[in-house]
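Peer 1: Starting off with a structure, shown below.
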Amino acid sequence: MNEMQFLTWVRGPGLDIAVGIFLLGVLWRLIEIYLLGRKQDVAPGRHREGASGLHTVFRRSVPPPGMVKRSPVSYIGGYIFHIGLALIVFFFMPHILFFKSVLGISWPGLPSQFIDLVTVVTMAAMVVVLFDRINKPVKRYLSTFQDWFTWTLTFLPLLTGWLTVQHLLLPYTTMLALHILSVELLLIFLPFTKLFHAFTVFGSRWYIGKINGHRGVPV
Amino acid sequence: MSASLQKGINALKEVIDAPVASYFSSCVHCGLCAEACLFYVETGDPKYTPIHKLEPLRRVYEQEYTLLGRLAKMVGLSKPVTDDELESWKELVYDSCTMCGRCSMVCPVGNDIVYMVRKLREGMAVSGHAPDGIKGATKRTVEIGGPMGLKWPAVANVIKKAEAATGEAINVDKPGADYLVLLSSMEIVNYPEYLEALVKIFRKAGLTFTLASDAFEATNAGIQIGASDIAKVIVSRIVNSAEKLGVKYVLSPECGHAYMAIRWEGPNLIGRPYKFEVVHVLELLDDLRKKGVLKVKDKFKDPLILHDPCQIVRRGGVLDAPEPLIQSVAENYIPVVDKQKWNWCCGGGGGASAIHTEEAEALRAKAFGIKKRQIEQAGVGTMVTFCANCRIVIEEAFDHYGMNTQLLGLTELLAEHLED
């Protein structure tokens, strides 16, 4: 297989397989989780403004009082790489063109020099949070193979994408193919690893907000 | 696999629901919950990270309720939960967790960790891995009536003393009273002045109350140990008695876990709402304060801070009553930084105070460090709280550290300063 064939494969069958596993996986996992249901709370509830599932879905995006000081890297690093990833995935012009070709819809993008900068900053933030995971006793203690693996899965598309745009290390075609391949790996593993929090975070926040909101506590 | 372990795992399978599945699927191992846990914050030992305490429950979830987990189990790739493991987890699920719920407040993905600890305890209890101290308390509650093994004569004795002190007759088993008053054993033994305070307050308010000889104990060791069947038996005593007497309200004492048990878990244990309302004594007091019934003749002068019991405030939702009440009776109330729903636990909730092993007691004393600093930073000689269990734990800690801080119960403090 030469580099063109490689690129054609990752753009064609490779992408189909990855997206297929991703979509079915997401659907399966959501069903597997949320069909378990929960018992209705029959204790008469207490109403308080701001105590609901929806409130908590938004509230948990903001650090609780005093917590940034206790774990600055988690919050600052976490914000930077999450926002960075979103900007890169959804506002880099070539990505928008890809979405347009698949979904038929498009939206305005951000200048590519800006995305370059965002990518470097995001990669730096990810390296810092990785270092924090190694360095902080609690994080190191909690870490399993999955934590290192999912970090790598998330980092590789950033790195290969950046190298592709910068025309570094490998010929453009090969690098682009590797970039697409790395995204496909990410898609395949996302539903079955902790990366699935991208979907369940909303359900989890909603449940905790609802369960505690029933007792009149905004959490 | 032993029969008791099988029962424990079945219990865990039974308590896993969509929230639990969603929570475990959302955890990114960020470890922020540790920063909210008094046991981690005071010891720095990562094993006390709240989400880690749930590891056996997580594995049962993964192995029984996820496709990949079931596949891994089939081909023998997963690590089964064992008796030895649960035994070693006892310290993490009971000694070093007071179910204070502070971890649930900070999780960025919204995992309700304390909700899951409560569920894990179901499996721990039924498989025989609960601590002896809580087992004993539970056994005494079922067989004798209360966690400390108190019988009605002890209560009758407290009633007699309160009658002598207040010059007023106290109703027992009286149908049609406004309130059925519940007590916790600790109040009966250590803080009998609580009942005197109630007599005074009810007289002022023009309300009537009764005690019930078949349902005086408000606490529920079944919930602390994690045995819903036992918890149901215990709570049913109160429900049957209150509905038989036809009271409008049941008054939960200051005790935090009692309030959680009777107000929030009780209806779910018996599977229906009650025919009466459950009111926490502070809710009643705040209501009376708003109506202008509670007028104080003078105020407590010394500077003081308030300790908000977790189960009443953060987990029970009595958020707004405590502060106005303390302000109404204290001239120098100093709010602490982490107050109300952010307060730090005394270290002995969730049944922990019933565990009397050397290690558990040492850990409890260490975890109290955070409260100690709150007191020192505020520079006060008095702390007020409204939970009998917190009071015992805090007084033990004061002794341990040789602190000469004064600890007061909010209801009694108010009663003392009421206009005659």
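Since every read-out is calculated from the coordinates, none of them should be taken as a lab result. Since this is a predicted model, take the numbers as computed values, not measurements. Here the Cβ is made from the backbone with ideal geometry for all residues, glycine too, and neighbour counts use every protein chain on show.
Peer 1: With no solvent and one point on each alpha carbon, what is the Debye value of log10 I(q)/I(0) for chain B at q = 0.06, 0.11, 0.14 Å⁻¹?
Peer 2: For chain B, the Cα-only Debye profile gives -0.25, -0.82, -1.28.
Peer 1: Could you work out the relative contact order of chain B? I mean the mean sequence separation of Cα pairs under 8 Å and 6+ apart, divided by the number of residues, in percent. Write out the running numbers ahead of the final one.
Peer 2: Values: 715 pairs, mean separation 69.8, N = 420.
17 percent.
Peer 1: For region B:3-129, which semi-axes, largest first and in whole Å, follow from the square roots of 5 times the eigenvalues of its Cα gyration tensor?
Peer 2: On the way: eigenvalues 107, 59, 32 Å².
Working from the Cα gyration tensor, I get semi-axes of 23, 17, 13 Å.
Peer 1: How would you rank B:THR49, A:THR144, going from fewest to most other Cβ atoms within 10 Å of each one's own Cβ? Write out the running numbers ahead of the final one.
Peer 2: Numbers: B:THR49 26, A:THR144 9.
If I rank by nearby Cβ atoms, fewest first, I get A:THR144, B:THR49.
Peer 1: Give me the orientation-averaged projected area of the Cα convex hull of chain A, in nm², one decimal.
Peer 2: Numbers: hull surface 61.3 nm².
Seen from a random direction, the Cα hull of chain A projects 15.3 nm² on average.
Peer 1: Now, a different point. Build a GNM of chain B with springs between Cα atoms under 10 Å: which of B:TYR333, B:TYR401, B:TYR249 gets the top mean-square fluctuation?
Peer 2: B:TYR401
Peer 1: Still on this structure, I have one more. Tell me, what is a quarter of the convex hull surface for the C-alpha atoms of region B:244-403, in nm² with one decimal? Intermediate values should be presented prior to the final figure.
Peer 2: Details: hull surface 44.3 nm².
Average projection, Cα convex hull of region B:244-403: 11.1 nm².
Peer 1: What nm distance separates the two modelled labels at A:HIS167 and B:ASP229, each placed 7 Å from Cα along Cα→Cβ?
Peer 2: 7.5
Peer 1: Send over the semi-axes of the protein assembly as shown's equivalent ellipsoid, whole angstrom and largest first, taken as the square roots of 5 times the C-alpha gyration tensor eigenvalues.
Peer 2: Numbers: eigenvalues 547, 134, 95 Å².
They are 52, 26, 22 Å, listed from largest to smallest.
Peer 1: Rg to Rh ratio, region A:109-219, alpha-carbon atoms and Kirkwood radius? Don't jump to the answer; show the numbers that get you there.
Peer 2: On the way: Rg = 18.0 Å, Rh = 16.5 Å.
Here Rg/Rh amounts to 1.09.
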